[in-house]
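Chemist: Sharing a structure with you now.
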Amino acid sequence: MIPLFFGVALVTFAVLSLVGDPFAQMAINPRIRPEDIARLKHAWGFDLPWYLRFFKWFWSMITGNWGVSIFAGGKLVTELVGRAIMYTLRFSIASLIFSFIIAVPIGIYSALHQYTFFDYFFTFIAFFGMSMPTFWFGFILMMIFGLRLRWLPIGGVMSPGIETAPFLVRLLDQTKYMILPVIVLSLFSMGSWMRYARSSMLEVIKQDYVRTARAKGLPERTVIFKHALRNALIPIVTLLGLSLPGIISGATITETVFSIPGMGRLTVDAMLSNDYPVAMVCLLLESGLLIVGNLVADLLYAVVDPRIRYS
Amino acid sequence: MERGEVLLDVRDLKTYFFTDDGVVKAVDGMSFTIHKGEVLGLVGESGCGKSVASMSIMQLVDVPGKIVGGEIIFKGEDLVKKTPEQMRKIRGAEIGMIFQEPMTSLNPVYTVGDQIMEAILVHQDVSEEEAKKKTIELLRLVGIPEPERRFNQYPHELSGGMRQRVMIAMAMSCNPDLLISDEATTALDVTIQAQILELMKDLQRKTGMAILFITHDLALVAEMANSVAVAYTGKIVEYGDVYSIFKRPRHPYTYGLLSSVPSLKTEKTKTPLPAIEGMVPNPYRMPSGCHFNPRCPFATERCRKEMPELAEIEPGHLVRCFHPVAVEKEANA
Amino acid sequence: MAVEVTKVEEVLTGRVETYWYLVGKRLRKHKLAMISLVVLIIIILACVVGPYLSPYHVAELGSTEEVMQPPSLKHPLGTDELGRDVLTRLLYGGRISLMVGFSSVFSALVVGIVVGAYAGYYGGILDTILMRFTDIMFSIPVLPLLIVLASVIPGAGVWKIILVIAIFGWMTDARIVRGMFLSLRENEYVEAARAIGVSNNRIIWRHILPNSLAPIIVSATLGVGGNIIYEAALSYLGFGVMPPTPSWGNMLQNAQYAMAIAPWLVWSPGIAMFITVLAFNYLGDGLRDAMDPRLYR
């Protein structure tokens, strides 16, 4: 896992180097003296050959010294990232919980009542969610609920001027802003969780041990909830672990559509403006989370499936 | 041999499968009886309906299958007429069943002990403590060494033979009157197979339970059964006690099956092993008349038009054929 | 597996039927998948032939009165902010989006199959190296890097987008193929082929690969739908197909600003994309059911 992380860091570093010299723009500006540019370059270590730069940077990443944003007026990267992460996490986690809680039971119920209207209807909903381009859906919702009906706001995270209001009022207000983005974010994952839960359950029901359970004379409820469900949930739970990484970057498009200043936007803006320190931190965080997510998925698998534990 | 009273009486059972491609008459008028304490061997090739018959007895036939006719009289009551709840109480408690694949028949995420205890707790009003004790006893009874340790193990930690023993323990946990063994030894290798059969015979002697022993292997039938029912395309074609069937087979199919078992005689005389010609018919396109006629060396015009009924040819020996005498002549030739 | 299936079918109907015939038969039973197939054929035909039949040219600018017109008889889907006919642009954009979808999937497939086949067949060090590489690629957050690559590689062509999407899309196929190869190479026909002296390459490409096509086909079908959305997302963010060449994605970006006054500009590319992707998804799902070996028991 460590070498993987190292490898990923190296690749991201390499790709970002392609982005170009962050100081190129400054060099064109006649009002900035070359000596100042040289001084800045030295401060950020850009005058060193790339391998040394890499190690210097890698070390500072690990030790938490994340540096200062080149373009956001010298703000601490930690501060920028910290704020953005808060927003992103809120939406992503809410949407993850929301989609999981709704989709999995529906998927399982569909499997148990195959070929009924319920099944066909929710299969369509699932496909709907998986085929719908999220940003377009976001637009449509914004148009309908924001512009036409004026029920919900069309972007941002809170109403202007509300910072001074009491906590509960602020909370309600922010929730209002969260509704549409969370729905849009959840759409795709709800669809795929539903399908996944359904097919997993369908497969488990056909298994021999379910037949054995019935032959033992167990009540049908026990057969389904104790024997079948437990096995059907195994792949679903591991999927949960694998969706952890998506928490940070999965919302990029939704954030753009709804103008939420989260990690996705931060990363993209940083990369486009060649804001090296910020971009690198964002990418590294994301990759780190991906690797951790994989690890969590493996661990969860071992917890849930005794067959894996002992091998 | 003196037979006990009738335990299970299957009368004219019909279980059909209604598929998109047509109706499959998996069990089409099967009748047989099992007496208390006896072992009935139900023999036949794949697709003859024996497994479907056993699932029908347990009322576990799944869509698109359905029992469309006949009666299954168990201890005097017709199982076909029972409600699901009534049937559930019978399953596991009065009729136990073991299946072919020990690898997949046990739930991989629960311990072996848990699964056996479950069967006990659902049918009997005992505490968990007692159920656990009983389970360990059962494990010991079926010949599993170190039962206390095995109790906490998962199915994947046991070998195939041991898993099948666990299945037997589970099926017997509530002292059923009837044990249905559906090809329980087919997936095991030969030495283990012998052990499991020994175990089953032993348990049967000890508890006096009856066994419906389903298999395609005639040798096993000879070893285990008191009576034999031979099945072909959903019907019983011959039925009788094991000696009569093996010494004096009357149905051409039974005769063919028995002849195709290699013996020392064929080895010595180096005669080619006779095999029954042709193949099991397509379930969607059954031949008319007697279903065996395309493959039968003795078939006549009548065989192609009419379906024979099960008729008694000797006391206790029934055959579904128009010319069992021809078979006798052939056998003695 | 293909052999077993043939034998059973031969017994039942007295006719030798290949695996693919059976797949086709089963697919035909899946009504939604068949409808989707028809819909897709219609869409593809419309996008290929449509622009030639249209009275308007894709880049034809309208006069000032024709700007931002709602749907009418003259312009069935209305006009955009430059007076261009939306329907024509939609069909032309469809060409682009579909081409990107198919090509990117195809390229990703080629790379993925090669990597997966060699890793799965040879195993050992080659497998470890290739899989480590795949893992690294998997661990890199896709969207940000897609954007970087899109802005770094020179040129504004459609091919750039295809390349960029393919670079990040081959890993899933590689894993699928590797999995299939790991299990299929244990089959007896592989040993038999080796015993006769067939070369490794031939075994891989002529023997094992045809048997692993099923999940690949499913993944490819679903992938086209997914990549169409990817391309649209990229174009929407400004990194995909550049105007004036229309694609369903950048049409949506233009529409964003006019959302309040010209909603038809938002509906058309979105619905087109939605129906297309939905059709691909249903078709892929139907294919998956039709090719599922377990249902052949």
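Chemist: Does region B:118-125 include one or more residues that are free of Cβ contacts under 8 Å to residues at least 40 places away in the same chain and not in a helix (DSSP H, G or I)?
Modeler: Yes: region B:118-125 contains one or more residues that are free of Cβ contacts under 8 Å to residues at least 40 places away in the same chain and not in a helix (DSSP H, G or I).
Chemist: I'd like the residue in region B:232-261 that is small (Gly, Ala, Ser) and surrounded by 24 or more Cβ atoms within 10 Å (Cβ to Cβ) and, out of all such residues, is nearest to the chain's Cα centre (by Cα).
Modeler: B:Gly234
Chemist: So, one more: Quick one: C:Ile43 ticks every box in (1) at pLDDT below 80; (2) within 14 Å of another protein chain (Cβ to nearest Cβ) except a single one, so which number is it?
Modeler: (1)
Chemist: Out of (1) at pLDDT below 80; (2) over 21 Å from the mean Cα position of the chain (by Cα), what's the single condition that is false for A:Ser199?
Modeler: (1)
Chemist: Where the second residue is aromatic (Phe, Trp, Tyr) and the first is within 18 Å of B:Arg165 (Cα to Cα) and lies in region B:203-230, which pairs have Cβ atoms under 6 Å and are six or more apart or on separate chains?
Modeler: B:Met224/B:Phe213
Chemist: Quick check on my filter: what residues within region B:251-288 are assigned to a loop (DSSP other than H, G, I, E, B) and modelled with pLDDT of 85 or more?
Modeler: The one that is assigned to a loop (DSSP other than H, G, I, E, B) and modelled with pLDDT of 85 or more: B:His251.
Chemist: Can you name the number of the only condition in (1) within 20 Å of the chain's Cα centre (by Cα); (2) under 18 Å from B:Asp177 (Cβ atoms); (3) surrounded by 17 or more Cβ atoms within 10 Å (Cβ to Cβ) that B:Ile120 fails?
Modeler: (1)
Chemist: Okay, next question. Could you look through region C:217-255, keep only residues that are assigned to a loop (DSSP other than H, G, I, E, B) and within 12 Å of chain A (Cβ to nearest Cβ), and pick out the one that is farthest from the chain's Cα centre (by Cα)?
Modeler: Applying the filter and picking the extreme gives C:Gly238.
Chemist: Out of everything in region A:100-122 that is closer than 22 Å to A:Asn231 by Cβ and among the polar types (S, T, N, Q), what residue ends up being surrounded by the most Cβ atoms within 10 Å (Cβ to Cβ)?
Modeler: Top of the filtered list is A:Ser110.
Chemist: Sticking with this structure for a sec: Quick one: in region A:200-219, which of the residues that are among the hydrophobic types (A, V, I, L, M, F, W, C) and away from chain B (no Cβ under 13 Å) is surrounded by the most Cβ atoms within 10 Å (Cβ to Cβ)?
Modeler: A:Met201
Chemist: Which one is modelled with the highest pLDDT among residues in region B:123-159 that are among the small types (Gly, Ala, Ser) and surrounded by 15 or more Cβ atoms within 10 Å (Cβ to Cβ)?
Modeler: That would be B:Ala131.
Chemist: Is it true that A:Ala111 is under 23 Å from the mean Cα position of the chain (by Cα), small (Gly, Ala, Ser) and modelled with pLDDT of 80 or more?
Modeler: no
Chemist: For region A:237-266, what are the residues that are within 12 Å of chain C (Cβ to nearest Cβ), surrounded by fewer than 18 Cβ atoms within 10 Å (Cβ to Cβ) and in contact with a helix residue (DSSP H, G or I) (Cβ under 6 Å, 6 or more places away or on another chain)?
Modeler: Hit for region A:237-266 is A:Leu242, nothing else.
Chemist: Let me ask another. Kindly provide the set of residues from region C:85-134 that are outside any helix (DSSP H, G or I) and crowded, with 23+ Cβ neighbours inside 10 Å, ordered by number.
Modeler: The answer is C:Asp85, and nothing else.
Chemist: Looking only at region C:262-271, count every residue that is at the interface with chain A (Cβ under 10 Å from one of its Cβ atoms) and over 22 Å from C:Lys160 (Cβ atoms) and tell me the total.
Modeler: 5
Chemist: Let me ask something additional. Say whether the condition of being farther than 28 Å from B:Met55 by Cβ, in contact (Cβ under 8 Å) with a residue 40 or more places away in the chain, in a helix (DSSP H, G or I) and more than 12 Å from every other protein chain (Cβ to nearest Cβ) is met by at least one residue in region A:220-236.
Modeler: yes
The values are calculated or read from the model by the stated rules, or taken from the named source; none is laboratory data. What you see is a predicted model; the values in this text were computed from it and never measured. With ideal geometry, Cβ positions are generated from the backbone for all residues, glycine too; neighbour counts draw on all protein chains shown.
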